[in-house]
């Protein structure tokens, strides 16, 4: 079966990088279209996008008239995509030529496959490159008969990074089932999205030897906007999407761990940080049945996260 990929690119103030991102995808045979959604950029990103649309038949700029942030922009593009598979690319990053080679093999050979994850890199302005993502097949850590629920529990407990926003490929059926990005999140939307999908779908290991994409680090990356508040909001949204009453015990433990880590990360003294991190987890763990519902209800009201 001939499978084709729709590549979704949300754009905000990325005029310097957008052309490189698009050209890294447009010449790939597996790509049927590149969907650009501009998030009301204050530079010439939209102009660059429209010029690329004129230059390449595969490129389509989707009109947008309100601030959506990356998650909302991705959802708009997904809903108008034509491919069997959907992949994402941040406007300041790029793909390598091998981006979809192994992905397509997996989807062709297993009709039940819904998500693949690949190895990626983070590239710094000084030329430094570091690996990003798990470099081993998640299932090799588990008994042969393990199912996805066990794989999900293992990934959450070990805090594994399965791929990257630029390096995972999703079958369109996932979105047909209603599993979209959560547009309440301005930061950490990818973490919440992958956690939530990993709970429901098996993540198939794809290209883990060579990177399939690169994420560019620069002064305006969203990563530098992360804070205790943004991590707290992400955890609240994650719980809200799962349902407070549906949380597994290991998910409750993970919630406490990530909240404690977000709170203690700014502490510079290593000993004090670890003392508070582990001591806080131990204490909150003792009052977990009380703490989590109170935290959830407080946070949802405090940050106005309830949907209308």
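Would you say residue 195 is over 18 Å from residue 243 (Cβ atoms) and either modelled with pLDDT of 95 or more or buried (at least 21 other Cβ atoms within 10 Å of the Cβ) (or both)? I'd like the intermediate steps shown before the answer.
Working: over 18 Å from residue 243 (Cβ atoms): no; either modelled with pLDDT of 95 or more or buried (at least 21 other Cβ atoms within 10 Å of the Cβ) (or both): yes.
Answer is no for this residue.
Could you list all residues from segment 257-305 that are surrounded by fewer than 10 Cβ atoms within 10 Å (Cβ to Cβ) and either within 14 Å of residue 228 (Cβ to Cβ) or touching a residue at least 60 places away in the same chain (Cβ under 8 Å) (or both)?
The answer is 266, and nothing else.
Return a yes/no flag: does segment 81-104 have any residue that is within 15 Å of residue 9 (Cα to Cα), out of contact with any strand residue (DSSP E or B) (no Cβ under 8 Å at 6 or more places or on another chain) and assigned by TED's automatic domain parsing to the domain that holds residue 189.
Within segment 81-104 (the criterion being within 15 Å of residue 9 (Cα to Cα), out of contact with any strand residue (DSSP E or B) (no Cβ under 8 Å at 6 or more places or on another chain) and assigned by TED's automatic domain parsing to the domain that holds residue 189), the answer is no, since none of the residues qualifies.
Would you say residue 114 is touching a helix residue (DSSP H, G or I) at 6+ places or on another chain (Cβ under 8 Å), touching a residue at least 24 places away in the same chain (Cβ under 8 Å) and surrounded by 12 or more Cβ atoms within 10 Å (Cβ to Cβ)? Even if it seems obvious, please write down each step before you answer.
Working: touching a helix residue (DSSP H, G or I) at 6+ places or on another chain (Cβ under 8 Å): yes; touching a residue at least 24 places away in the same chain (Cβ under 8 Å): yes; surrounded by 12 or more Cβ atoms within 10 Å (Cβ to Cβ): yes.
Yes.
Taking segment 254-292 only, how many residues are assigned to a helix (DSSP H, G or I), within 24 Å of the chain's Cα centre (by Cα) and more than 24 Å from residue 179 (Cβ to Cβ)? Show your work before the answer.
Within segment 254-292, the subset assigned to a helix (DSSP H, G or I) is 254-264, 270-286, 288-292.
If we keep only those that are within 24 Å of the chain's Cα centre (by Cα) too, we end up with 254-264.
Going one step further and asking which of them are more than 24 Å from residue 179 (Cβ to Cβ), we end up with 256-257, 259-264.
Count: 8.
Looking only at segment 238-249, how many residues end up being within 17 Å of residue 159 (Cβ to Cβ), part of a helix (DSSP H, G or I) and more than 21 Å from the chain's Cα centre (by Cα)?
1
Report whether or not residue 183 is closer than 29 Å to residue 9 by Cβ, surrounded by fewer than 21 Cβ atoms within 10 Å (Cβ to Cβ) and either over 13 Å from the mean Cα position of the chain (by Cα) or in the same structural domain as residue 123 (by TED's automatic domain parsing) (or both).
On the way: closer than 29 Å to residue 9 by Cβ: yes; surrounded by fewer than 21 Cβ atoms within 10 Å (Cβ to Cβ): yes; either over 13 Å from the mean Cα position of the chain (by Cα) or in the same structural domain as residue 123 (by TED's automatic domain parsing) (or both): yes.
Yes.
Is segment 137-155 home to any residue that is out of contact with any helix residue (DSSP H, G or I) (no Cβ under 9 Å at 6 or more places or on another chain), under 23 Å from residue 215 (Cα atoms), assigned by TED's automatic domain parsing to the domain that holds residue 104 and modelled with pLDDT of 95 or more?
no
Collect the residues in segment 156-185 that are more than 27 Å from residue 84 (Cα to Cα) and either assigned to a loop (DSSP other than H, G, I, E, B) or without any contact (Cβ under 8 Å) to a residue 60 or more places away in the chain (or both), keeping them in residue-number order.
Taking segment 156-185 first, the residues more than 27 Å from residue 84 (Cα to Cα) are 156-160.
158, 159, 160, listed by residue number.
The values are calculated or read from the model by the stated rules, or taken from the named source; none is laboratory data. Everything numeric in this text was worked out from a predicted model, so none of it was measured. No Cβ is skipped: glycine too gets one built from the backbone with ideal geometry, and neighbour counts run over all protein chains shown.
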